[in-house]
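Presented below is the structure to which this report refers.
No value in this document is a laboratory result; all are computed from the given coordinates. Since the structure is predicted, the reported quantities are computational estimates derived from the model, not experimental observations. Here the Cβ positions follow ideal geometry from the backbone for every residue, glycine too, while neighbour counts run over all protein chains shown.
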Amino acid sequence: MRFSQRVVIVTGGAKGIGEGCSRVFAQEGGLVAILDRDLAAAERTAASLGENHLAIACDVSDEKQIASSVDAVVQRYGRIDCLINNAGIHPPDTPIHKMTPEEALSVIRVNFLSTYSMCYYALEHLKKTKGTIINVSSMTAALGQRNSTAYAASKGAQLSFTKSLALECADYGVRVNAILPSNVDTPLMRQWASSLSDPEAALQRIAALQPIGRMADVQEMGRVCLFLATEDSSFITGQGLHVDGGASLDY
Ligand SMILES: NC(=O)c1ccc[n+]([C@@H]2O[C@H](COP(=O)([O-])OP(=O)(O)OC[C@H]3O[C@@H](n4cnc5c(N)ncnc54)[C@H](O)[C@@H]3O)[C@@H](O)[C@H]2O)c1
């Protein structure tokens, strides 16, 4: 039990990578607060983790909902030990001239400003527990991605924010890190594949991008987040950890 009786907030914790994180932290004794815009899915996932976990309806693009959700978590558990900023979207491939600045801003609002706002509201509680923040960025933050300028920029913002906030938070004993996944088998990935003419071939192509020959499983992401949330990583802060099966070596 590496997270016993400690409290983690997972945004977008109902499905995909967030669900993987929720499951791993719950297995290690953690109390999991899932903040998700899909309340029904959040409730299903929270219930499947066992007793004492929490599902809160929260659209992370809305600052008011973020503020009240953080309050609700503290009211219920009295503390926050870890914040995982995971909720995110990936629009379909779109060249820049077909995505208006307003549309780009909406991607940045969900993928990056939510991370900023969650930290803004949760930090005072994390200072009390000398907790950790983990931002789920993407390999595209470092390498870029064709026809995904707004998405990659939002993920790059999460990464530079991670480094800067780690500097600010070092004085409080709060560590801040990011993970940079390549390709993970999630509903988002399957949704993208199903928009193409041959989804199975697309998924095989994606799997082959990793030298180890497959996509990641969501719980593999959860286990890395658990490492970053515990004393096992006590000397690591401000880092963007490539969790990519070697994909960035041979991109
Ligand atoms: N799947 C991948 O290969 C991959 C690779 C790199 C980075 N990522 C990042 O990982 C994160 C999770 O991706 P995923 O593949 O698990 O996605 P997913 O779509 O499978 O799951 C995302 C979860 O977030 C929730 N969500 C989406 N928008 C929200 C909002 N505005 N407010 C609250 N909840 C919201 C959804 O309801 C869902 O439960 C994203 O930030 C994504 O950019 C994913």
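Per-residue Karplus couplings for segment 201-214, computed as 6.51 cos²θ - 1.76 cosθ + 1.60 with θ equal to phi - 60°, are listed in order as 5, 5, 5, 5, 4, 5, 4, 6, 5, 8, x, 7, x, 7 Hz, Gly and Pro entered as x.
Couplings 3J(HN,Hα) for segment 158-173, derived from phi with the Karplus relation 6.51 cos²θ - 1.76 cosθ + 1.60 (θ = phi - 60°), are 4, 6, 5, 4, 4, 5, 5, 5, 4, 4, 5, 8, 4, 4, 9, x Hz, where x marks Gly and Pro.
Under 12 Å from the Cβ of residue 37, count the other residues' Cβ atoms, weight Lys and Arg +1, Asp and Glu -1, and hand me the total. Neighbourhood net charge equals -3. Note on the chain: Kirkwood radius taken over Cα pairs, Stokes-Einstein applied at 20 °C and 1.002 mPa s, translational D equal to 119 µm² s⁻¹. As a rough footprinting exposure proxy, the listed residues 124, 102 were ranked by other beta carbons within 10 Å of their own, and the order from fewest upward is 102, 124.
Computed from the Cβ-Cβ distance with R0 of 25 Å, the FRET efficiency linking residue 39 to residue 172 stands at 0.15.
Against the longest principal axis of the chain, how steep is helix 16-27, in degrees 0 to 90 to the nearest 10, with axes from Cα atoms? Here the helix axis deviates by roughly 30 degrees. For segment 87-167, a crude dipole built from +1 on the beta carbon of Lys and Arg and -1 on the beta carbon of Asp and Glu, taken about the Cα centre, is about 320 debye to the nearest 20.
Under 1.5 on a/c is rounded, so check that first for segment 1-84, then, if it is not, pick prolate when a/b is larger than b/c and oblate when it is not; a ≥ b ≥ c are the square roots of the alpha carbon gyration tensor eigenvalues. Here segment 1-84 falls in the oblate category.
Distant-in-sequence amide contacts of residue 54, defined by a placed amide H-H separation under 5 Å and a gap of 5 or more residues or a different chain, comprise 32, 33, 34.
Based on DSSP H segments of at least four residues, each scored -39500 (n - 2.57), the chain has a per-residue ellipticity at 222 nm of -14000 deg cm²/dmol. When the alpha carbon coordinates of segment 87-232 are projected onto the principal axes, the ranges are 51, 37, 22 Å, largest first.
Ranked by how many other Cβ atoms sit within 10 Å of their own Cβ, fewest first, the residues 185, 38, 71 fall in the order 71, 38, 185.
Over the Cα atoms of segment 37-109, what is the Rg over Rh ratio if Rh follows Kirkwood? So for segment 37-109, dividing Rg by the Kirkwood Rh gives 1.08. Taking amide hydrogens as placed 1.01 Å from N in the peptide plane, the amide H of residue 59 sits under 5 Å from that of no residue at least 5 positions away in sequence or on another chain. The modelled label-to-label distance between residue 4 and residue 71, using points 7 Å beyond Cα along the C-beta direction, is 3.4 nm.
Using the crude model of +1 on Lys and Arg Cβ and -1 on Asp and Glu Cβ, and no other charge, please compute the dipole size for the chain relative to its Cα centre, in debye to 20. With only Lys, Arg, Asp and Glu charged at Cβ, the dipole is about 280 debye.
In terms of other Cβ atoms within 10 Å, 3, 25 run from fewest to most in the order 3, 25. Remark: segment 183-191, residue by residue, has Karplus-estimated 3J(HN,Hα) of 10, 10, 6, 9, x, 4, 5, 5, 5 Hz, where x stands for each Gly or Pro and the curve is 6.51 cos²θ - 1.76 cosθ + 1.60 at θ = phi - 60°. Approximating the spin labels as points 7 Å out from Cα along Cα→Cβ, the residue 163-to-residue 232 distance works out to 2.7 nm. Look at the dipole of segment 132-228 built from charges on Cβ: of 195, 145, 158, the Cα furthest out on the positive end belongs to 145. Can you give the FRET efficiency for residue 191 and residue 57, using 1/(1 + (r/R0)^6), R0 = 22 Å, r = Cβ-Cβ distance, to the nearest 0.05? FRET efficiency, residue 191 to residue 57: 0.55.
Between amide H atoms placed 1.01 Å from N, distances below 5 Å from residue 12 occur with 35, 36, 37, 87, all of them 5 or more places distant or on a separate chain.
Taking each pair of different alpha-carbon atoms in segment 81-163 once, compute 1/r for the pair, average those values, and report the inverse of that mean as the Kirkwood hydrodynamic radius in Å to one decimal.
Working: mean 1/r = 0.0750 Å⁻¹.
About 13.3 Å, per the Kirkwood formula over Cα pairs.
Comparing 134, 89, 108 in a Gaussian network model of the chain, where Cα atoms under 10 Å apart are tied by springs, the biggest mean-square fluctuation is seen for 89.
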